[in-house]
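Before any comments, here is the structure.
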Amino acid sequence: MSTATSRSTAASRHVVKDWNPEENWDSRLAWRTLTVSTFSMVIAFCVWFLVSAVAPKLNAIGFDLSKSQLYWLTSMPGLSAGFIRLVYMFLPPVIGTRKLVGISSLLYLIPMLGWFFAVQDTTTSFGTLLLLSLLCGIGGGSFSGYMPSTGYFFPKRKQGTALGIQAGVGNLGMSIIQLLGPWLMGFGLLGITWIAPERAGSSPLWVHNAAIVFLPWTVLAAILAFTLLKDVPVKANFRTQIDIFSNPNTWVMTLMYVMTFGLFSGFSAQFGLLINNTFGDASDLAGKFSNLPSGASYAFLGPLIGSLVRVAWGPLCDRFGGAVWTFVSGIGMTITLAFCALFLNPTSPGQFGFFLAGMLAMFFFSGIGNAGTFKQMPMIMPARQAGGAIGFTAAIGCFGPFVVGVALSSLSAAVWFWICAAFCLLCSAVCWFQYARPRAPYPG
């Protein structure tokens, strides 16, 4: 057997035969693909939000970073992830699901190891920390390849549920790293106890644990991808795929996704710092009051709520359509963001409870919208275009952490919240006219 023939035979073993999910659906392969790629995506989002878990501890262990520098550090993964998603959106029909998930899983090791070593040396320059933050964007960027490639395996009637599960469970990685990070920093991690802890005053902190703990799981994700996943015979080059930009729904749905996921991811990344800088030890309340809230104690709640809601609303979107839920999301986010803006110049720690309740409600509504938008696109666009549109809208929405971080570093928090509320109101009106109203042009 020639080398070319052996390669062709090996490649064919990894390609689904008789692929037609609408008429001949292989449910076992579809759910296996969803399981493995979602496992990898959870780790991806942990990597993407690694900086938001580590940043609040950097000054405590000896770094000397300003509020603005910390906002910039937590913004960089969003900037790079947005551009990386613009690349990943074209990859599913080019390299296939198997290689996409396997290779991506291995790439997550790079920022993990980088931050693992960087936090152990407080002389690490701000420029190096910015570079490592940019590298974390690979975790968020791969989303635009995972989602459409998984969608290929499911019929349209199941895509709301499947993509809701993948995106929602994957998004839990944002909450997992913010929840486990502070806990993991409190003790020596089994297997690497020989590494000296960082010091917060006289107390030891193992900040490097947050960067290294997911390494073995990342390797496992790569192994599972290369051994269990397959590709579908959907092939398209770059020139073929750019036809999504001639479809006006691509641009309108991008606006919807910026409203839902863009603001969700942006406020999730900055939630801990926002609490510290408005109500915590870095706020104007410090020195006047005691027992101020710590952002690290609450940062995980927003992404946790939004992610779980995204999963729960997938079946509801399959039943009632996505458009109505995107509209509900927009109205809810408008109201809750405006409510939160009222408490961003606090005079008492007692106002924190109102702010926290408003933010958690905002995350709830954003989760509804994230599920709704991903149900809409496969319903109003052809299958291949829908996959590309999902990738593109996800890429633009991924800039959320960068935009929100830069805005909070240059504007007052209250002004930025009012701007976001006005934006959500505009998006809600567009959604109602284009998709959600009776006899809408594109009911989704």
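Laid out as a table, the results:
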quantity: Checklist (1) assigned to a helix (DSSP H, G or I); (2) open to solvent by 40 Å² or more (accessible area, probe 1.4 Å) applied to T123, failing item; calculated: (1)
quantity: In the range 133-146, residue nearest to P92 (Cα to Cα) [restricted to those that are in a helix (DSSP H, G or I), touching a residue at least 60 places away in the same chain (Cβ under 8 Å) and not polar (S, T, N, Q)]; calculated: G145
quantity: Residue satisfying all of: in the range 419-444; among the aromatic types (F, W, Y) and buried (at least 17 other Cβ atoms within 10 Å of the Cβ); nearest to the chain's Cα centre (by Cα) among these; calculated: F423
quantity: Residue satisfying condition, being hydrophobic (A, V, I, L, M, F, W, C), within 21 Å of L179 (Cβ to Cβ) and surrounded by 21 or more Cβ atoms within 10 Å (Cβ to Cβ), within set V36, V47; calculated: V47
quantity: Unmet criterion (only one of (1) in contact (Cβ under 8 Å) with a residue 60 or more places away in the chain; (2) closer than 24 Å to I242 by Cα) for L425; calculated: (2)
quantity: Hits in the range 312-334 - residues which are touching a residue at least 60 places away in the same chain (Cβ under 8 Å), in a helix (DSSP H, G or I) and surrounded by fewer than 22 Cβ atoms within 10 Å (Cβ to Cβ); calculated: A312, P315, D318, V324, I331
quantity: Test: residue in the range 79-93 that is of a type in the set (V, I, T), part of a helix (DSSP H, G or I), out of contact with any His (no Cβ under 9 Å at 6 or more places or on another chain) and open to solvent by less than 30 Å² (accessible area, probe 1.4 Å); calculated: no
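Conditions tested, residue by residue: (1) open to solvent by 10 Å² or more (accessible area, probe 1.4 Å); (2) not in a helix (DSSP H, G or I).
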| site | (1), (2) |
| --- | --- |
| T347 | yes, yes |
| G350 | yes, no |
| G358 | no, no |
| M362 | no, no |
| F365 | yes, no |
| G369 | no, no |
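Listed here are the residues, each with its yes/no results for (1) in a helix (DSSP H, G or I); (2) buried (at least 24 other Cβ atoms within 10 Å of the Cβ); (3) of a type in the set (A, V, I, L, M, F, W, C); (4) on the phi > 0 side of the Ramachandran plot.
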| site | (1), (2), (3), (4) |
| --- | --- |
| V101 | yes, yes, yes, no |
| L106 | yes, no, yes, no |
| P111 | yes, yes, no, no |
| P148 | yes, yes, no, no |
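The values are calculated or read from the model by the stated rules, or taken from the named source; none is laboratory data. The structure displayed is predicted, hence computed values, not measured ones. We place every Cβ from the backbone using ideal geometry, glycine too, and count neighbours over all the protein chains shown. Just so you know, the surface numbers come from the protein's heavy atoms only, side chains and all, with ligands and any DNA or RNA stripped out. Shrake-Rupley method; radii C 1.70, N 1.55, O 1.52, S 1.80 Å.
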